[in-house]
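The values are calculated or read from the model by the stated rules, or taken from the named source; none is laboratory data. These numbers were taken from a predicted model, which means no experiment stands behind them. FYI the Cβ positions are ideal-geometry reconstructions off the backbone, even for glycines, and counts take in every protein chain you see.
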Amino acid sequence: MYIFKAGVVGAGTMGAEIAQVISYSGLPVVLKDIDQAILDKGMQKIHGIYQRRVDRGKMDLHTMEEKLALIELTLSYDGFKDLDVIIEAVPENIDLKVRVFQELDGICPEGAIFASNTSALSISEMGAATQRPEKMIGIHFFFPAHVMKLVEVIPGLDTAQDTVDSVVSFAESLRKIPVVVKECPGFLVNRLLAPFLNEAVRCVQEGAATPEEIDKQVAGFGMPMGPLVLSDALGLDVAWSVAQTLYTEYGERMRPPRLFQLLVEAGRLGEKAGAGFYEYGADGKESLPVLIEKARRETTVTGSEFSVERCLLPLINEAALCLEENIASPADIDMAMMAGTGMRRGDRPIGPLGLADEMGLDAVLGQLEEFQRKYGERFRPARYLRLKVKAKHLGKKVGKGFLEYAA
Ligand SMILES: NC(=O)c1ccc[n+]([C@@H]2O[C@H](COP(=O)([O-])OP(=O)(O)OC[C@H]3O[C@@H](n4cnc5c(N)ncnc54)[C@H](O)[C@@H]3O)[C@@H](O)[C@H]2O)c1
């Protein structure tokens, strides 16, 4: 199905940027919110993105005006009667999302595709709440949407193949890299990031290292940004709501550390709140050392050791669990992490499976077992990793690990 016109519901952080991306590709887009001030702010942001292109000599003023004219702002569903795809980007709350799709169901053309930009909620559940589960799909953009190339495309249990194909082509027409991911909580990138972020926070909580030390070492090894500065940039409230969903769904190995919750409760939500793991100028919030002390009194674990592997191996192990569950192919898992998080080793882009192959799967397994003995079940190695080692698929050194290497 060809997409001629799109709609975006919710003009906040993500919705406004998604509308910009769509207009940039030359398609008309209707952007709806419930608050005129947010619509105006969204349009200002879109204007700013285009203006920067003009300032850098990458676009002329006339083209900018043409692109901006493709965006229609609205507080009502009046402009939604002739849309081919609607992307929902309202807050991460299943009841709200279901209500929005039920409203859209009565207004949009029968053939229109319903897409959700949810970070971790169930696409199948949203589909089941509508009269068109075969047309419901996840299309998960990453922040900032006008920069990040990755788009996760997530079919629900009842999504038709035609819907998947249409959304993949649509994402390509937006100049994105779509990766189709089987539905699971957190999909691929957030699911893999969660145990990594949790472990970094736990290292801070247990006094293993400071946020600065952790960020410096992790960024030096394999990420463009350390986990704690990344959490501050994403917003700890957003990260917390994803962490909660993943803990409910996967259990103990995704349990968020107490310090994470204490930071959220203290309003240290990251950069936007002026304070998070780092200080950004807000006064009057409880300090990080006070919150660490509080968390330690409640949890009793102290004196553990920090290492980059302690944070990265849970991410690699989660990637192995995704392979076990056929969430995506090995190549797609690595591509998604490279395009969605900028994962790399030195200057080379590399995904978690390629990285494990370079480390040697026997070494990865041995280290996970050691962490499991020292720190507990959250480090239990994936069965598929054990199987690979038994089969002597030990990684790059033998030409075959999670990926295959030409001789
Ligand atoms: N912020 C991120 O980094 C990020 C990244 C990827 C995905 N997401 C997901 O995208 C979605 C939106 O997140 P966000 O950060 O843009 O949230 P946000 O709070 O910045 O924006 C949500 C917007 O939806 C509007 N809204 C609420 N109810 C509405 C309704 N009934 N109709 C129309 N508009 C309505 C709000 O006024 C607000 O402007 C969430 O599901 C989130 O998990 C966020």
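Please verify whether Leu385 is crowded, with 20+ Cβ neighbours inside 10 Å and either assigned to a helix (DSSP H, G or I) or of a type in the set (Phe, Trp, Tyr) (or both), treating the condition exactly as stated. Taking the combined requirement at face value, the residue satisfies it. Scanning the stretch 388-407 for residues that are farther than 20 Å from Gly222 by Cβ, part of a helix (DSSP H, G or I) and of a type outside the set (A, V, I, L, M) yields Lys388, Lys390. Please work out if Thr248 is surrounded by fewer than 17 Cβ atoms within 10 Å (Cβ to Cβ) and in contact with a helix residue (DSSP H, G or I) (Cβ under 9 Å, 6 or more places away or on another chain). In short, yes. Counting only residues that are of a type outside the set (Phe, Trp, Tyr), more than 11 Å from the ligand (Cβ to nearest atom) and over 21 Å from the mean Cα position of the chain (by Cα), the stretch 5-39 holds 9 of them. The set of residues in the stretch 209-243 that are out of contact with any strand residue (DSSP E or B) (no Cβ under 7 Å at 6 or more places or on another chain), outside any helix (DSSP H, G or I) and buried (at least 19 other Cβ atoms within 10 Å of the Cβ) comprises Ala209, Met223, Gly226.
Which one is farthest from the ligand (Cβ to nearest atom), of the residues in the stretch 233-269 that are in contact (Cβ under 8 Å) with a residue 24 or more places away in the chain and among the acidic types (Asp, Glu)? In this case the residue turns out to be Glu252.
A single member of Gly156, Gly138, Gly111 is of a type outside the set (A, V, I, L, M, F, W, C) and in contact with a Lys or Arg (Cβ under 9 Å, 6 or more places away or on another chain), and it is Gly111. Residues being under 18 Å from the mean Cα position of the chain (by Cα) and assigned to a helix (DSSP H, G or I) are represented in the stretch 117-140 by at least one member. Here is a check on your reading of the model: is Leu104 surrounded by 18 or more Cβ atoms within 10 Å (Cβ to Cβ), within 16 Å of the ligand (Cβ to nearest atom), in a helix (DSSP H, G or I) and not polar (S, T, N, Q)? So Leu104 passes the test. If you go through the stretch 155-177 one residue at a time, do you hit one that is under 18 Å from the mean Cα position of the chain (by Cα), assigned to a strand (DSSP E or B), within 16 Å of the ligand (Cβ to nearest atom) and crowded, with 23+ Cβ neighbours inside 10 Å? There is no residue in the stretch 155-177 that is under 18 Å from the mean Cα position of the chain (by Cα), assigned to a strand (DSSP E or B), within 16 Å of the ligand (Cβ to nearest atom) and crowded, with 23+ Cβ neighbours inside 10 Å. Tally time: how many residues in the stretch 117-142 are more than 7 Å from the ligand (Cβ to nearest atom) and within 20 Å of Ala19 (Cα to Cα)? Within the stretch 117-142, residues that are more than 7 Å from the ligand (Cβ to nearest atom) and within 20 Å of Ala19 (Cα to Cα) number 4. When Ser76 is tested against the conditions (1) loosely packed, with under 12 Cβ neighbours inside 10 Å; (2) away from the ligand (no atom under 13 Å from the Cβ), the lone failure is (2). For first residues located in the stretch 29-52 and more than 23 Å from Lys81 (Cβ to Cβ) and assigned by TED's automatic domain parsing to the domain that holds Leu68, partners that are assigned to a helix (DSSP H, G or I) and within 9 Å of the ligand (Cβ to nearest atom) and lie 6+ apart or on another chain with Cβ distances below 7 Å form the pairs Lys45/Ala16; Ile46/Ala16.
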